[in-house]
Amino acid sequence: MRFQEIIGQNELKEKLVRTIRSGRISHAQLFFGPEGSGALALALAYARFLHCSSPLPAPAAGGSADACGQCPSCQKYHKLVHPDLHFIFPVAGTPQVPKNPVSKNFYDKWRDFVLNTRGYGSLIDWYNHIGIDRKQGLINAEDASEILKTLSYKSFQGGYKIMVIWMVEKLFHAAAPKLLKVLEEPPDRTLFLLVTENPDQIIRTIQSRTQLVKVLPIADPDMNQALARIENPGQVRIADVVRMAQGNYREALRLFGQDNPDKELFERFRQWMRLCFQNKAQDLLDLVRVMASEGREAQKQFLSYSLRMVRESLLLGVRGEALSKLTAEELDFVRNFSPYVNPANGPAFAQALEEAIQHTERNANAGILFTNLSLRFSALLKVKAA
Ligand SMILES: [Zn+2]
């Protein structure tokens, strides 16, 4: 990844280059931004620029200075095999690596993943890529020890040794002291680039030892430009994708080429709400069983979708249909659903879903969680508008 390959974020790119040029390189930086904003891609472009032996000046037409793309260091970056670029990321046991998995075991797959997604992939994409979608990945204590070991060697090219830690909030609590220690007393000429979508889930003591690099959602005009350059196999208009993706490039790609990418989520949500409304206990339990059997990230995705639908239902009465971000089918459902989600019960609906998302992240028992939610919704759907 070079700066010029990253969608939008021009101000941030220029700021990053300025800090390097003025020698204000903080040894620990936290790149944080929402899914699909490009936080990992930016961290990689930053690392590449630092390692490049003959960086290019900013083009006259606008944009930031950038790595050259030609020098030996850049050549290695093409394949993410630079000897002074290291990675730590969440992993879990797989049939190939059943015991004590560490990032190193997955390096080949990791390179594929980052190069294929150009740094815009999400955690669920990564889990799917290595076949652990039913588990929660972790950065465990063995990996934290690996950081120390790796950084104790001299750098190959005499420059910085750079350690990229992706989704650092997945750091297992027992591993935190090791990382903290090395952040406090970093080996000479080392750089930590921590990347996350959820900065509030990072242990405070770690966060306080980093310089924050805030990555905003991609601006609509930048997204528009990026999408116009790629082939659009589907029927969706670029303007609609830009509007629905809300600055998330991964989401924009997902929306591309599909009439309704959330169809499965929609159909399940509709079924769930119907069963809750009708109070069909046995059917509800069957559905709960299906939902509980899926991976955590898939559960989170469904709960987030449900939250979105509840909010859209609440907003429908306020701002009308013209501003709705729903597909025709979703809108049709929401029209019938919105009378049951009113100011009297809507906030409780949303709160229950927000809490469920948090609990899912903390490994709550999914069967109990979905059962409780179903009971709560059955009760809430009977609350009449005041
Ligand atoms: Zn170069």
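Here, each number is a calculation from the coordinates, and none is a lab measurement. This is a predicted model, so every value here is computed, not measured. Positions of Cβ are backbone-derived with ideal geometry, glycine not excepted, and every protein chain shown enters the neighbour counts.
Summarising the amide proton neighbourhood of residue 164: residues at separation of 5 or more, or on other chains, whose placed amide H is nearer than 5 Å comprise 86, 87, 88, 193. The alpha-carbon positions of the range 63-200 define a convex hull whose volume is 136 Å³ per residue. For the range 127-286, what does the alpha-carbon gyration tensor say about shape, rounded, prolate or oblate, given a ≥ b ≥ c as the root eigenvalues, a/c under 1.5 as rounded, and a/b over b/c as prolate? Oblate is the answer for the range 127-286, as a/c is 1.5 or above yet b/c matches or exceeds a/b.
Estimated from the Cβ-Cβ distance and a Förster radius of 22 angstrom, the FRET efficiency linking residue 188 and residue 21 is about 0.55.
Kindly flag which residue pairs out of 104/161; 13/76; 13/154; 170/263; 79/161; 13/109 have an alpha-carbon separation exceeding 26 Å in this structure. Distance filter (> 26 Å) returns 13/154; 170/263; 13/109.
Rounded to 0.05, the FRET efficiency of the residue 225 and residue 100 pair, given R0 = 56 Å and the Cβ-Cβ distance, is 0.80.
When the Gaussian network model of the chain links Cα atoms closer than 10 Å, the mean-square fluctuations of 61, 41, 366 top out at 61. Selection among 72, 158, 347 by position relative to the dipole of the chain gives 158 as farthest towards the positive end (Cβ unit charges, Cα centre). Residue separation of residue 283 and residue 204 scaled by 0.36 nm, minus their Cα-Cα distance, works out to 24.1 nm of gained length. Over the chain, with a single point scatterer placed on each C-alpha, what log10 of the ratio I(q)/I(0) does the Debye formula yield at q = 0.11 1/Å? Reported log10 I(q)/I(0), two decimals: -0.87. Using the Cβ-Cβ distance between residue 14 and residue 211 with R0 = 22 Å, the FRET efficiency computed as 1/(1 + (r/R0)^6) comes to roughly 0.85. Close amide-amide hydrogen proximity is noted between residue 139 and 91, 171, 172, each under 5 Å apart and 5 or more residues distant or on a separate chain (H modeled in the peptide plane; Pro and chain starts excluded). Springs between Cα atoms under 10 Å define the GNM used for the chain, and in it the highest mean-square fluctuation of 155, 293, 103 occurs at 293.
For the pair residue 111 and residue 148 in one chain, pulling the backbone fully straight at 0.36 nm per residue adds 11.2 nm over the alpha carbon distance.
From the alpha carbon centroid of the range 285-314 to that of the range 154-184 is 34 Å. Gain on full extension, evaluated as 0.36 nm per residue between residue 328 and residue 290 minus their Cα-Cα distance, stands at 11.0 nm.
Centre-to-centre, using Cα atoms only, the range 14-57 and the range 328-386 are separated by 41 Å. Charge dipole of the range 290-386 (Cα centre as origin; +1 on each Lys and Arg Cβ, -1 on each Asp and Glu Cβ, all else neutral): 280 debye, rounded to the nearest 20. Largest GNM mean-square fluctuation among 98, 34, 83, using the chain with Cα springs under 10 Å: 98.
Helix content alone sets the calculated 222 nm mean residue ellipticity of the chain: runs of n ≥ 4 DSSP H residues at -39500 (n - 2.57) each, divided across all residues, give -15000 deg cm²/dmol.
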